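Just below is one structure, and these are the notes that go with it.
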There are 2 protein chains.
Amino acid sequence: MNEAVRRQRSGRGARLEQRGHGPQGIGRPYIVRNIPTYDILSEENLVRIEAAADRILAEVGIEFRDDPVTLEHWRRAGARVDGRLVRFEPGLLRDILKTAPATFTQHARNPARSVEIGGNSVVFSPAYGSPFVMDLDNGRRYGTIEDFRNFVKLAQASPWLHHSGGTICEPVDLPVNKRHLDMVYAHIRFSDRGFMGSVTAESRAEDSIDMARIVFGPDFVDRHCVILGNVNVNSPLVWDGTMTRAMRAYARANQAAVVVPFILGGAMGPVTNAGAIAQSLAETMAGCALTQLERPGAPVIFGNFLSSTSLRSGSPTFGTPEPAIGSMVVGQLARRLRLPLRCSGNFTTSKLPDAQAMTEGSMSMLAAVHCGANFILHSAGFLDGLLSMSYEKFVLDLDLCAALHTYLDGVRVDDNQLALDAFSEVGPGSHFFGCAHTIANYETAYWDSALADNEPFEKWEAAGSADAAGRANRRWKQMLADYEPPPLDEGIDEALRDFMARRKASMDDAWY
Amino acid sequence: MNEAVRRQRSGRGARLEQRGHGPQGIGRPYIVRNIPTYDILSEENLVRIEAAADRILAEVGIEFRDDPVTLEHWRRAGARVDGRLVRFEPGLLRDILKTAPATFTQHARNPARSVEIGGNSVVFSPAYGSPFVMDLDNGRRYGTIEDFRNFVKLAQASPWLHHSGGTICEPVDLPVNKRHLDMVYAHIRFSDRGFMGSVTAESRAEDSIDMARIVFGPDFVDRHCVILGNVNVNSPLVWDGTMTRAMRAYARANQAAVVVPFILGGAMGPVTNAGAIAQSLAETMAGCALTQLERPGAPVIFGNFLSSTSLRSGSPTFGTPEPAIGSMVVGQLARRLRLPLRCSGNFTTSKLPDAQAMTEGSMSMLAAVHCGANFILHSAGFLDGLLSMSYEKFVLDLDLCAALHTYLDGVRVDDNQLALDAFSEVGPGSHFFGCAHTIANYETAYWDSALADNEPFEKWEAAGSADAAGRANRRWKQMLADYEPPPLDEGIDEALRDFMARRKASMDDAWY
């Protein structure tokens, strides 16, 4: 066992967390799924959706704004470039995508925390991008770098996430043009897992990668993925220059872009699911292919972010059935392209960590798990339609992530699991509490929630009748109090601080 | 459209409910699934589980207590009967089960509400069997016949359930030996959907069926299923006489028993999932086969109720990953037997309609939907490990049931759904709000929750910052206030009342 994992297991945090164990125990760097993907659409209908995406690409096209290099890439690759509008003959993008790896490793600074992305692997990563944070004590307010660090620490303290994430919340107390440095530093300093860098400007993407180079060494970074960048399509059918330049910066450095359309059906896409899926496929294929033109063989993740809108109010909706079921189709399409997949997460529009939050979140998260997603951003903390990062929801979601470790193990079938000896021993009408098979298996038999209350009503009432949100409130505070930072080489730490100081000194603060 | 359905749709309740519409609109008597079942286990492993069940049946056997007729049935069928212990050669039960129908209709007194049970149909039915009821105003207390009637009315008022259920809660204010009459009457009087009768004594099962005969006519009842009886195995491996006599009463009358082991792993079954599933298969096959010995061709439902226990406290746990994933395997096994399937439901151990309740409930309910269950008992109201029927949880679960109507529709792929014209019309960088395709489709485009709050934070806050449970509290009260009873023929009503009066007069009250 790796030293850092051992340390984590032996701390107070580990004792707290060990209540929530699964059959394979805690400490897995990522999940290897042992259940099949849930393939809901026939080959015939998948082909129809692919053909629709091909027609969108060939007949409507995609605009690439403010990035002449990207247009030049497309010209050389044989696409039809007309001003900033680019059209693609059917098959062109699929050909380009053949150089993208089906699976790759994102290396963590603690090698025991490195994750496989692709194939049967599943990686849970925190929610990303909220301007606000929320907790039950103080309600909603703008996020700060302290909140950001808190969430990095909470993620690090949990064995049920596998990744430190990216912009967990916006630290709005820091200048817009410098906060990426503090965010990347927080991921490196307070976590030893993989993380994501900035995409809000090409220079910030490059700063993020440079900081990774300080940690891993420039040669290692050129040959291995150590940082991800999550880039969004400006749906419908627009890639803006900020995103393509950032995406190319990651690809150029052999780092993985996560290519994600942002389609709220009825707004940035059609109100019908099949059309939104076809659009998503078209937009994602174009983005993923661009990374291969920048650097053939660079790792890239096929992403999607389907959601719907309330057609009464125009508000976005999350955790609804259409995107959940649509994710299953997107999963099938990604596998046909042999690309690693990012899907959904624990989505909700609820403003509180309540029944709505977890109904919507569970539907969305289970869809991500069923569809075969390899990298599940927004696995924990998402509230308020992505506007708020919630401390309590984070902890509630961790418990669902824990349960999904066991869920994804599926049903094992062997002599011990079939327990025929136990039936012979116990016989009809008795109970299994003390039988040999139970004694031999009980320690690892069932997933044991760290948060759910399974006590009898009277005992629960006597203990104060807390609801799940109230228990989550106590729990995140305890986790922060128990948090222990992973060791970081002092030379690296100093070099990182030095790099940040120089970069910060090189420009004035910008606040928008 | 049927008259009763039209009336329901035009009432105030319908207007409230119509916020929650799906693509196919409201008013479907049951769901026809348009997505495949989720088959997680290989043929090889299914065969191993079947072989384990066969060995349990052949080597350990099942006890049938206090029912000589059942033992005589088994003797004649060729089982090895040794006192009350019965052992079965591999293949015997499968042969007997060949006469059981793969699908059947349960007729409702309103023919528009009749449901198919089997094949691709999915029927949602309320929770069953709690001694307590709960609401946010009054907390937990014993259920009464008034509560019982309230839940029948709430179920009837919702288009998202398809069945009136059975013992929705125990009306403990009525004598144990007479309350079945009032429960069956409430289902008939306040609902026009299918329902379940008593199983707590053979005579009560017969009373329930006799009341159905008054409604449907004895000849019709002899030829069609109009009532279900939910019978439990006394797991492990015991069928007691109360259950087998009640089960035989239903089968004799050509009515469907729902045959359900009750396995809390670690207590009534082994702590390992594969073993619990094998046990469940053995127990259910024996029960279902018995119905065929009583009356070959009688409808019967293959049921299961897997759950786990907290091995720290011994308390039952619900909505955990092991039973969820186990349900998927049970679904595969039931389909191999070509029997209609009942699975899981919206399970939880939470004592409140909170985040825990809906995390556990969603995992459990989605498993039921994915595993191919045709009849999902406990679809709404289940709280506190089956001990409490919750008014708020009932309404929260209705909203999930509504979402699942859309979920089970899957992704349709046709020219309108692919929306290619919309992409041509809108083009890159614009929005789809006002385009022709959106206008043509928006009324039925998305499922629209009747309970979720999708409003912007500020609007939600200004409206009082209610959580989902608070909204559910207001909603069930409004639904009860708006409830309108379905019409019932006065002659039938009088005959039912007369039957009940005679039966009640024929015996003293019994309170245990």
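The values are calculated or read from the model by the stated rules, or taken from the named source; none is laboratory data. Keep in mind it's a predicted model, so treat the numbers as computed, not measured. All Cβ positions, glycine included, derive from the backbone under ideal geometry; neighbour counts span all protein chains shown. Heads up: the accessible areas ignore ligands, DNA and RNA and are worked out on the full protein's heavy atoms, side chains in. Shrake-Rupley method; radii C 1.70, N 1.55, O 1.52, S 1.80 Å.
Below is a table of values for the structure above.
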read-out: Within the accessible area of chain B (1.4 Å probe), percent carbon and sulfur; value: 50
read-out: Evaluated at q = 0.10, 0.12, 0.18, 0.22 Å⁻¹: base-10 log I(q)/I(0), Debye formula over Cα of the range A:35-124; value: -0.45, -0.62, -0.95, -1.04
read-out: Reach of A:Lys504 by Cα under 13 Å, taken over aspartates and glutamates that are not fewer than 8 positions away in the same chain; value: A:Asp182, A:Asp207
read-out: Inter-copy separations for B:Tyr442, label at 7 Å along Cα-Cβ, nm, ascending; value: 6.0
read-out: Acute angle (nearest 10 degrees) that the helix B:68-77 long axis makes with the longest principal axis of chain B, alpha-carbon atoms; value: 90
read-out: Spatial separation of Cα centroids for the range A:132-178 and the range B:462-512, in angstrom; value: 49
read-out: Residues in the range B:459-476 that, when all protein chains are in place, have 20 Å² or more less accessible area than the chain alone would give (probe 1.4 Å); value: B:Trp460, B:Asp467, B:Ala468
read-out: Net charge, B:Ala127 excluded, C-beta distance under 14 Å - Lys, Arg +1, Asp, Glu -1; value: -4
read-out: Cα centre as origin, Lys/Arg/Asp/Glu Cβ charges: the protein assembly as shown dipole, Debye; value: 640
read-out: A versus B: buried accessible surface, summed, Å² (probe 1.4 Å, to nearest 100); value: 9500
read-out: For the range B:348-364, residues shielded by at least 40 square angstrom of accessible area compared with the chain on its own, probe 1.4 Å; value: B:Lys351, B:Leu352, B:Asp354, B:Ala355, B:Gln356, B:Met358, B:Thr359, B:Met363
read-out: Cβ crowding within 10 Å averaged over residues, with B:114-124, A:223-233, B:395-405 ranked highest first; value: B:395-405, A:223-233, B:114-124
read-out: Spatially proximal lysines relative to A:Lys477 (Cα-Cα < 21 Å; intrachain offsets below 8 disregarded); value: A:Lys153, A:Lys351, A:Lys393
read-out: Convex hull of Cα atoms in the protein assembly as shown, direction-averaged projection (nm²); value: 39.0
read-out: Computed Rg/Rh of the range B:77-207, alpha carbon atoms with Kirkwood Rh; value: 1.08
read-out: Accessible area (Å², per residue) of chain B, counting only protein heavy atoms and a probe of 1.4 Å; value: 32
read-out: Percent of beta bridges antiparallel (DSSP, chain A, rounded to nearest 5); value: 45
read-out: Among B:Gly229, B:Cys169, A:Ser191 - extreme Cα towards positive end, dipole of the protein assembly as shown, charges at beta-carbon; value: B:Gly229
read-out: Ranked by how many other beta carbons lie within 10 Å on average, peptides B:479-485, A:444-450 from highest; value: A:444-450, B:479-485
read-out: Label 7 Å beyond Cα on the Cβ vector: A:Gly217 copy-to-copy distances, nm; value: 8.9
